[in-house]
Every structure is written in C-alpha cells, then in structure tokens.
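Participant: Have a look at this one before I ask anything.
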Amino acid sequence: MATGIKRTYADFKGVDFLNEPSLVDITRSPDALNVWKNYKDTEGTCIETRPGYRKIAQIGSKINGIYIYNSVKAIIHSGIELYEWSNFPNTPDEENLKKLYEDMNDTRNVSFNIVENKLYINDGKTYLVYNGETLKKVTEDEPFIPTTTISRKAGNIGGGETLQDVNVLTPKRKNTFLGDGESTQFYLDAQQIDTAEVEAIVNDVELQEDTDFTVDRIKGIITFNEAPSEPNLSGYDNVVVTFSKTVEGYADRINKCDKVLQFDNRLFYTGNPDYPNAIFHSELNNPQYISDLNYYEDGSDDASITSMVVGNNVLWVFKNLDQNNANVFYHTPALDENQGRYYPSSQGNVELGCLSTSGNFGDDIVYLSRYGLEGLATDNLNSKQIVAHRSSLVDAKMINENDYENATLTEYKGYLLILVNGKVFLADSRQKYANLNSFEYEWFYWNISNVAPNILKEYNDELYIGTKDGAIFILDGTNDNDNAINSYWTTPMDNFGYNNQLKTTNKRGGLAKIKTIPNGIIKVARKTDKSDEYRYATEKSATGFSFLNIDFSNFSFITSNKSYLIYKIKEKKINEISLKFYSDEKDKPFGLYSAVIEAFVGGYVKK
C-alpha cells in the first residue's frame with residue numbers, strides 16, 4: 001500500500017539563492033520576486049506583494065540626492081544642479097521648484113547634515129550651506145574667525161598666548177594686544193599676509209587702514225599713527241587686529257570631502273582624494289569652524305577611507321581593499337586638560353576591506369565587502385573584532401550584479417535595502433538565524449530596474465526612488481507607475497523526504513491559506529523534475545470587503561483577513577515538485593500564509 005505524505009509550507013522566512021533548489025529549506029524560496037513581509041499589517045505572518053511605485057516629480061537630469069528640510073521642503077541634487085522643492089511631496093510646478101545652484105559634483109556621494117537649522121552639503125567639490133532661503137559656499141557665508149593669539153605686547157615680536165586654531169574655511173584671523181601708550185608697532189603672529197583690508201579696533205573704536213595705520217604685509221607689522229593707550233582695565237586687551245593669511249589648500253581639505261556625518265555634536269569629514277586616509281572634524285556645534293589641527297590619519301595613505309558610521313558612541317571608519325593592513329579603525333571621544341575634546345585613532349584587527357559603504361542597522365555595524373554584507377561582532381572595543389557575514393543567502397545574485405561596487409544602503413520599515421543595478425536586496429532585522437560565529441539575516445528580493453533607480457531615500461516612514469533620468473517616485477499603491485507588479489513565491493523542488501522514491505500527488509490535497517486584500521488575486525502553478533517550466537493550475541480572488549480601489553469584476557464580500565484557495569494538482573511518478581504562488585495582473589496583489597500538498601510514495605526511482 002502506498003504511503004501517504006503531507007507537506008506544509010508555512011512560517012515563510014525569505015529567499016535562498018545560495019543552495020540548489022532541491023536543498024533549500026521549505027520555509028525559504030529558491031526563487032521569489034517582489035514580495036516581502038508587511039509587519040505593520042500582518043506582523044510578519046505572511047508574505048505578500050510589495051507596494052508599487054508612482055511618479056511624483058520630474059526634476060533635472062539625474063537624481064543624486066534628496067534631503068527633506070524642516071519637513072516642508074525637499075532639497076534635490078539632480079545632475080550638476082541643486083533645487084528647492086517647496087511643496088514636497090506634492091508634484092511641483094514652476095512656482096514650487098527653484099534652482100539654487102548649478103555647479104554641483106555629478107555624483108550621488110553627497111552628504112547632507114543639518115546643524116542649528118542650517119543644511120550643510122558636501123559633494124566632493126564645494127562645501128555649501130542652505131539656511132532655508134538661500135544657498136552659499138561656506139567660505140563665502142560667515143565662517144568663524146578665530147582669535148589665534150591674545151595678550152601680545154606692543155613692540156614685541158612673538159609673545160602672547162595661543163587661544164584658538166586657524167580655521168581652514170577662512171583666511172581671516174584675529175590677534176589681540178595690550179597697548180602701552182608708547183609703542184606704535186604691533187607684530188602679528190603671521191607674515192606674508194594677504195592684500196585684503198586689515199581691520200583694527202583700539203579701545204572699541206574702529207580705525208581705518210592707510211588713514212589711522214599702515215600695514216607691512218611682508219613682515220606682518222601694524223604701525224599706528226598714534227600709539228594706542230594702555231587698557232582701562234589691567235590685563236584687558238584693547239587692540240584687536242583682524243587680517244587674512246591664506247594657506248594654500250586649506251579650504252579644499254573640506255571642499256573635496258564627500259563623506260560627512262554627525263558625531264558627538266560635530267561634523268566629521270572624509271573622502272578627500274588628496275588625503276585618502278584623513279578624517280577632519282568641526283568644532284562643537286559649529287560646522288563653519290574647522291581647526292587646521294583637527295584631523296586624524298587612519299592607517300597608511302595607500303588605502304582610502306570608503307565609509308564612516310556611528311555606533312555605540314564610537315566613530316567607525318572603513319577603508320578599501322588592502323589585505324596587507326587593517327581596514328577598520330575607530331575613534332572614541334576623549335578629554336585632555338590642554339587639548340580639550342579629541343578623538344584618537346585606534347586600529348582594529350579586521351583586514352577585510354569595505355568596497356563601497358557602511359551603515360548602522362539596528363545597532364549592527366555593517367558594511368559591504370567584495371563578498372557581500374559584513375557585520376562587526378565584538379563585546380567591547382578592547383577585544384578582538386570579528387567579521388561576521390550577513391548575506392550568504394543572496395550573495396550569489398547580489399555580488400554578481402553589474403555596478404555592485406557602487407551599491408547603496410537605506411533603512412526602511414525595519415529592512416536594510418541594498419540597491420544595486422536596479423535590484424533591491426532586503427535584509428530583515430526581525431528574522432535572523434545563527435551561523436558559525438554570529439548571525440545572518442533572512443532576505444527578500446525586488447526588481448525595480450524599469451525606472452533605472454539611482455538612489456533610495458527614506459523619510460517619515462516613506463520610501464522615495466530617485467532615478468537616472470531625473471524622475472522621483474514614491475513607494476505606494478498596487479502597481480508600478482501604471483504597470484502590473486510581477487510578484488511570486490516558489491517553494492523548493494521538494495521530494496518530501498523520499499529522495500529515492502517516486503510520488504503521485506493527491507488531487508484533492510492542495511490548500512493554501514491566503515490573505516484577503518482589496519482587489520487581490522492569487523494564482524498557482526507547479527513544476528516537477530519532468531518539466532522545465534511552471535504550468536498554471538488555478539487562481540482565486542483574494543479580495544476582502546473594502547471600498548478602496550474596488551474592482552467589481554474581482555469582488556468578494558469576505559471580511560476576515562484570511563481566506564482559502566483549493567488547488568487540484570495531479571502529477572504522476574515524479575520525484576520532485578515545486579509550487580509557485582503569484583500575481584501578474586495590474587492592481588491585484590497577493591498574500592500567502594501557508595500552503596499544503598499531499599502525495600503518495602510509490603516505487604523506486606530507476607534512472
């Protein structure tokens with residue numbers, strides 16, 4: 001008598017592009033497309049068609065960056081231009097779209113950071129600031145003018161006390177002096193100063209160059225017509241001189257940085273090709289003051305810094321592929337009595353380099369290597385850091401995509417989205433499994449290449465897609481910009497645990513628990529080891545009662561969140577079978593909780 005067997009596919013996890021389809025776990029799919037778990041709706045109990053995308057704007061030539069300013073304006077970097085979109089996210093017209101700038105670096109490696117209601121933009125070419133109305137180069141805005149030396153005595157060369165460091169963003173600096181009522185010459189702390197006008201204030205009175213004093217710019221000497229008096233208050237500097245001393249390349253230290261992030265109430269800058277291993281940082285809450293001494297070198301300059309990320313009060317720094325040296329460094333805040341706040345560089349022990357970018361995914365410090373997504377596993381900074389691989393299930397497809405070295409990371413609804421060549425690989429933070437020394441994520445896979453995406457941007461729990469032809473889409477609805485979403489989930493090639501015996505399916509044993517969705521539909525097909533293609537079996541309306549986007553030709557009064565689909569599949573003397581649940585019709589998504597198929601085990605496989 002033939003043995004009856006039943007296979008239940010449930011508790012779906014994600015895709016498995018690593019293993020041969022007959023070796024994939026029954027909770028995973030060897031081939032699934034454009035599905036995910038909508039945790040907000042079903043708490044991850046079913047898989048379903050992803051949301052579609054619809055076009056909301058056409059701006060310029062290529063969307064390289066999107067930043068939402070004060071919730072009401074979007075700053076759009078498109079090609080070499082920067083735009084202000086004032087009625088975001090509504091479709092902009094001429095009144096709501098203003099060009100701010102047209103000399104941007106045409107790259108998506110652009111950093112946007114807001115400090116005290118000002119947006120600072122680094123594109124690897126120019127350091128810019130936007131105040132909500134106008135955009136300027138930071139060097140032409142009002143960068144902080146440091147007082148480099150105080151309490152210098154009249155008539156003396158040198159002396160005084162060093163107070164503040166030179167600001168690389170401006171050639172201007174101040175020196176303050178104590179007048180003595182006799183000396184007319186005052187020596188600055190720099191020589192060969194610029195031809196820009198020198199400003200002098202004596203006893204709070206502003207004096208004019210060439211009228212009240214002269215300047216020897218080569219020697220750095222100010223000569224007053226009348227000797228400044230002694231200060232009214234003893235020890236109070238009563239002469240303030242503001243002058244300019246340009247140091248070649250100082251401003252470009254920051255202008256050429258294209259990777260910037262906030263850490264410890266400062267901005268940290270890197271990505272300057274002239275300083276491939278350098279990290280610069282601003283002063284406290286002041287992105288317009290960057291000391292010429294506030295920089296650190298992480299490792300040798302023959303390996304470039306490719307990314308930075310903040311996690312657990314540590315600034316992690318990743319360098320590119322160089323197996324001869326450590327490729328991970330970290331900076332922890334420290335306090336020195338004289339130096340103040342500083343960020344010493346510490347070398348990690350990880351040699352596997354960062355190919356493109358990194359991120360903090362729910363306190364998991366991750367980065368993209370040439371092998372896929374890596375995570376740093378460590379109990380504390382003083383112990384050995386271990387590279388733990390996170391993407392084994394999708395590596396075979398992901399790292400072989402064209403342009404993988406330019407992949408980007410975006411976090412959305414608890415998923416880490418890796419965009420590469422129009423494909424999106426989604427790591428699920430709520431689904432993990434143990435590997436040898438840590439854990440890995442479960443994954444889903446989308447294809448949105450039809451719109452040639454260049455960037456993904458998450459804001460306020462919405463996902464925006466910026467494309468290579470200047471279009472902006474929002475992830476929303478049940479179609480892809482008026483086209484059907486091709487979504488499906490396939491089960492592994494299943495031999496029911498009897499690899500050496502033939503099976504015959506029970507025509508009456510097929511049942512799927514499906515999600516009721518407005519205008520939803522679900523189709524079933526099957527493939528066996530005797531066929532190369534999936535063959536259609538049946539379909540069912542999965543529509544629940546909702547007046548939103550109702551298609552009355554596909555209508556049902558079902559009000560529960562679950563329904564059932566019966567499928568009659570008769571296959572004789574097969575070894576393996578795979579089921580495919582799918583939708584390929586416009587505005588008709590599907591959702592699947594579980595599926596069952598029965599079979600009878602027969603004779604042995606002969607060849």
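The values are calculated or read from the model by the stated rules, or taken from the named source; none is laboratory data. The structure displayed is predicted, hence computed values, not measured ones. Cβ sites come from the backbone with ideal geometry, for glycine too, and all protein chains shown count toward neighbours.
Participant: Val24 - would you say it is under 18 Å from Pro518 (Cα atoms), buried (at least 22 other Cβ atoms within 10 Å of the Cβ) and β-branched (Val, Ile, Thr)?
Facilitator: Values: under 18 Å from Pro518 (Cα atoms): no; buried (at least 22 other Cβ atoms within 10 Å of the Cβ): yes; β-branched (Val, Ile, Thr): yes.
Against the criterion (under 18 Å from Pro518 (Cα atoms), buried (at least 22 other Cβ atoms within 10 Å of the Cβ) and β-branched (Val, Ile, Thr)), Val24 does not qualify.
Participant: Could I ask something else about it? Given the conditions (1) surrounded by fewer than 22 Cβ atoms within 10 Å (Cβ to Cβ); (2) over 27 Å from Lys256 (Cβ atoms), report the number of the one that Phe12 does not fulfil.
Facilitator: (1)
Participant: What's the total number of residues in the stretch 430-446 that are surrounded by 13 or more Cβ atoms within 10 Å (Cβ to Cβ) and among the polar types (S, T, N, Q)?
Facilitator: 2
Participant: Take the residues in the stretch 300-335 that are over 18 Å from Phe280 (Cα atoms) and in contact with a Ser or Thr (Cβ under 7 Å, 6 or more places away or on another chain); name whichever of them is modelled with the highest pLDDT.
Facilitator: Asn320
Participant: Confirm whether Leu335 is over 24 Å from the mean Cα position of the chain (by Cα), farther than 27 Å from Phe439 by Cβ and part of a strand (DSSP E or B). If you could, list the steps in order and put the result at the bottom.
Facilitator: Working: over 24 Å from the mean Cα position of the chain (by Cα): yes; farther than 27 Å from Phe439 by Cβ: yes; part of a strand (DSSP E or B): yes.
It is true that Leu335 is over 24 Å from the mean Cα position of the chain (by Cα), farther than 27 Å from Phe439 by Cβ and part of a strand (DSSP E or B).
Participant: For the stretch 84-110, give me each residue that is buried (at least 22 other Cβ atoms within 10 Å of the Cβ), in a strand (DSSP E or B) and of a type outside the set (A, V, I, L, M, F, W, C).
Facilitator: Glu84
Participant: Here is a further query. Considering only residues of the stretch 478-516 that are among the aromatic types (Phe, Trp, Tyr) and not in a strand (DSSP E or B), which is surrounded by the most Cβ atoms within 10 Å (Cβ to Cβ)?
Facilitator: Start the filter on the stretch 478-516 by keeping residues that are among the aromatic types (Phe, Trp, Tyr), which leaves 488-489, 496, 498.
Filter once more, keeping what is not in a strand (DSSP E or B): 496, 498.
Working: Phe496: 20, Tyr498: 16.
In this case the residue turns out to be Phe496.
Participant: Which residues, taken from the stretch 480-523, are at pLDDT below 95, at positive phi and in contact with a strand residue (DSSP E or B) (Cβ under 7 Å, 6 or more places away or on another chain)?
Facilitator: Phe496
Participant: When you check Trp85 against the structure, is it assigned by TED's automatic domain parsing to the domain that holds Ser594 and aromatic (Phe, Trp, Tyr), yes or no? Can you show your working first?
Facilitator: Details: assigned by TED's automatic domain parsing to the domain that holds Ser594: no; aromatic (Phe, Trp, Tyr): yes.
Spelling it out, it is not the case that Trp85 is assigned by TED's automatic domain parsing to the domain that holds Ser594 and aromatic (Phe, Trp, Tyr).
Participant: Looking only at the stretch 125-141, count how many residues are surrounded by fewer than 19 Cβ atoms within 10 Å (Cβ to Cβ) and touching a helix residue (DSSP H, G or I) at 6+ places or on another chain (Cβ under 9 Å).
Facilitator: Final tally of qualifying residues: 2.
Participant: A follow-up question, please. Report yes if Leu463 is under 33 Å from the mean Cα position of the chain (by Cα) and either of a type outside the set (S, T, N, Q) or over 20 Å from Phe600 (Cβ atoms) (or both), otherwise no.
Facilitator: Working: under 33 Å from the mean Cα position of the chain (by Cα): yes; either of a type outside the set (S, T, N, Q) or over 20 Å from Phe600 (Cβ atoms) (or both): yes.
In short, yes.
Participant: Further question on the same structure: From the list Phe213, Phe177, Phe186, Phe144, exactly one residue is aromatic (Phe, Trp, Tyr) and either within 30 Å of Pro287 (Cβ to Cβ) or exposed (fewer than 15 other Cβ atoms within 10 Å of the Cβ) (or both). Which is it? Break it down stepwise before answering.
Facilitator: Values: Phe213 fails: either within 30 Å of Pro287 (Cβ to Cβ) or exposed (fewer than 15 other Cβ atoms within 10 Å of the Cβ) (or both); Phe177 fails: either within 30 Å of Pro287 (Cβ to Cβ) or exposed (fewer than 15 other Cβ atoms within 10 Å of the Cβ) (or both); Phe186 fails: either within 30 Å of Pro287 (Cβ to Cβ) or exposed (fewer than 15 other Cβ atoms within 10 Å of the Cβ) (or both).
Residue meeting the stated conditions: Phe144.
Participant: For the stretch 385-402, what are the residues that are out of contact with any helix residue (DSSP H, G or I) (no Cβ under 7 Å at 6 or more places or on another chain), outside any strand (DSSP E or B) and within 25 Å of Phe329 (Cβ to Cβ)?
Facilitator: Gln385, Arg390, Ile399
Participant: Pull up the stretch 522-537, narrow it to residues that are in contact (Cβ under 8 Å) with a residue 40 or more places away in the chain and part of a strand (DSSP E or B), then point me to the one that is nearest to Asn499 (Cα to Cα). Don't jump to the end; show me each part of the working.
Facilitator: Taking the stretch 522-537 first, the residues in contact (Cβ under 8 Å) with a residue 40 or more places away in the chain are 522-530, 534.
Within this subset, residues satisfying the condition of being part of a strand (DSSP E or B) are 522-528.
Values: Ile522: 30, Lys523: 28, Val524: 24, Ala525: 22, Arg526: 19, Lys527: 17, Thr528: 14 Å.
Among those residues, the one meeting the criterion is Thr528.
Participant: Now for a separate question. How about the stretch 3-56: which of its residues are of a type outside the set (Val, Ile, Thr) and in a helix (DSSP H, G or I)? Let's see the steps before the verdict.
Facilitator: Here is the first cut: in the stretch 3-56, the ones of a type outside the set (Val, Ile, Thr) are 4, 6-7, 9-14, 16-23, 25, 28-34, 36-41, 43-44, 46, 48, 50-55.
Hits for the stretch 3-56 are Pro21, Ser22, Leu23, Tyr39, Lys40, Asp41.
Participant: Going by the conditions given, is Ile279 part of a helix (DSSP H, G or I) and either assigned by TED's automatic domain parsing to the domain that holds Thr408 or surrounded by 19 or more Cβ atoms within 10 Å (Cβ to Cβ) (or both)? Walk me through how you get there before you give the answer.
Facilitator: Details: part of a helix (DSSP H, G or I): no; either assigned by TED's automatic domain parsing to the domain that holds Thr408 or surrounded by 19 or more Cβ atoms within 10 Å (Cβ to Cβ) (or both): yes.
Here the answer is no, as Ile279 does not meet what is asked.
Participant: Scan the stretch 564-573 and give yes if some residue there is under 42 Å from the mean Cα position of the chain (by Cα) and at pLDDT below 55, otherwise no. Full working, then the answer.
Facilitator: As a first pass, look at the stretch 564-573 and keep what is under 42 Å from the mean Cα position of the chain (by Cα): 564-565.
Now restrict to residues that are at pLDDT below 55: none.
Checked the stretch 564-573: no residue is under 42 Å from the mean Cα position of the chain (by Cα) and at pLDDT below 55.
Participant: Looking at the stretch 127-151 only, could you name the residues that are part of a loop (DSSP other than H, G, I, E, B), among the polar types (S, T, N, Q) and touching a strand residue (DSSP E or B) at 6+ places or on another chain (Cβ under 7 Å)? Spell out how you get there, then give the answer.
Facilitator: Residues of the stretch 127-151 that are part of a loop (DSSP other than H, G, I, E, B), as a first pass: 131-134, 141-146.
Those still in the list that are among the polar types (S, T, N, Q) too: 131, 134.
Residue satisfying the conditions is Asn131 alone.
Participant: Then there is this: Please count how many residues of the stretch 361-384 are on the phi > 0 side of the Ramachandran plot and outside any loop (DSSP other than H, G, I, E, B).
Facilitator: Start the filter on the stretch 361-384 by keeping residues that are on the phi > 0 side of the Ramachandran plot, which leaves 362-363, 372.
Subsequent filtering for residues that are outside any loop (DSSP other than H, G, I, E, B) retains 372.
Qualifying residue count, the stretch 361-384: 1.
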